[in-house]
Amino acid sequence: EGEEEEEEEVVELTESELLQYLDHAENPFQVCSRLFRLSTSQPWDPSCAALTHLKEEHVAHLLERGFVVVDGFLTADVASELRSAAMEMSTSGEMRPAAELDAGEHFSDRSARSDILRFVHLGQEGRAIEGVLKRMEELQEDLRQVVHLRRRQAEYQLAHYKGNGAFYKRHRDALPCGDTNEDQRRMTIVVYTNPSWEEAQGGALRLWPPIRPTAPPNNENGVVRIHDLRLANGGAASSNGGAPNGNVVDAPHRLAVVNSNGNGNGHHADHDTLSLDSHSVDSFCSHGRFPLNLCTALPHVKLSEDENGVGVMDVAPVAGRMVVFLSGCVDHEVLPSYSDRIALTAWCQ
């Protein structure tokens, strides 16, 4: 007579449903904030180590808001050379449609994005690309002073959004995770190369800025962690943000959430949270101690609302600009582009 085997409750969810489930269980910004080495109450100490590419106010904004926009990361000449190299890759056929990349037999969504791309690797590219990758490696050293990162090198992707309305629907780069031992995307960095940008050219990066909860969670017995997730067909849940296309939200395969806490009650959330879709422009402007004007004071960065009246920030993809955000809690979208749009993205794990 052995002990009675503990039953597991398995519920199939799409990835979009899974994100809603996790976000409702605990505010995703609060979850991802556990990755920070610093806190909003612990100011940056310049005597600890010098920052190479970020300033103290950038670090403060990242801690308080979960994202930051920085102009001048690349000079105009460097951005132009990177753009030329990417356009050459595109015209020579080295880039492939993102929607056709093989992300596993269960991936069949071809409507989430219409860009073309190529993954690039430090030490294997031409001079123009190598120079920018090395600069982004330096930036990651800045980020290591702020965020726990496991891997020494990021994954890099060059993407070309053609001027025919190419887009990437709203998505997230990773599941919300605050476990410093998990191996998944933690920080997203996007660098732009597009000169003389005008609003009619489109292609803005739309961010849904997260908001911290107003009270701590009260669901510690029901926390669902990344290692508790698995594919309904017996595989493993993706921990890198959705494989080659990076699309967590819209991938159609189904996941199983395993509740093994023995009480059969599953997950609950009776704490006070602010979900990604619960705030307007006014609420995320007024929430928190750090003003959004560090970003909105920059050219071609504006606050607006999406079709549901939810507050968003639209960031133009101007040459030299960089956007940094927490991969697991910042929803984002590339609006239709009506001019060739080149972006280099890094995912830090």
Output yes when any residue across segment 183-193 is among the aliphatic types (A, V, I, L, M), open to solvent by 10 Å² or more (accessible area, probe 1.4 Å), closer than 18 Å to residue 86 by Cβ and assigned to a loop (DSSP other than H, G, I, E, B), and no when none is. no
Qualifying residue in segment 131-142 (condition: assigned to a helix (DSSP H, G or I) and free of Cβ contacts under 8 Å to residues at least 12 places away in the same chain): no
Condition check: in contact (Cβ under 8 Å) with a residue 40 or more places away in the chain and either open to solvent by less than 60 Å² (accessible area, probe 1.4 Å) or more than 29 Å from residue 200 (Cβ to Cβ) (or both). Does residue 170 satisfy that? yes
Could you tell me whether segment 88-102 includes any residue that is modelled with pLDDT of 95 or more, touching a helix residue (DSSP H, G or I) at 6+ places or on another chain (Cβ under 6 Å) and not in a strand (DSSP E or B)? yes
Within segment 302-326, restricting to residues that are at pLDDT below 95 and assigned to a loop (DSSP other than H, G, I, E, B), the one that is nearest to residue 35 (Cα to Cα) is 310
Taking segment 140-167, which residues are closer than 19 Å to residue 50 by Cα and open to solvent by less than 40 Å² (accessible area, probe 1.4 Å)? 140, 142, 143, 144, 146, 147, 149
Segment 66-93 residues that are in contact (Cβ under 8 Å) with a residue 40 or more places away in the chain, paired with ones that are aromatic (Phe, Trp, Tyr) and assigned to a helix (DSSP H, G or I) (beta carbon under 9 Å, 6 or more apart): 66/29
Residue satisfying all of: in segment 306-349; surrounded by 23 or more Cβ atoms within 10 Å (Cβ to Cβ) and among the hydroxyl-bearing types (Ser, Thr, Tyr); nearest to the chain's Cα centre (by Cα) among these: 327
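The values are calculated or read from the model by the stated rules, or taken from the named source; none is laboratory data. Quick caveat: nothing in here was measured; it's all calculated off a predicted structure. Every residue, glycine among them, receives a Cβ derived from its backbone with ideal geometry; neighbour counts consider all protein chains shown. Just the protein is used for accessible areas: all its heavy atoms, side chains included, with ligands, DNA and RNA removed. Shrake-Rupley method; radii C 1.70, N 1.55, O 1.52, S 1.80 Å.
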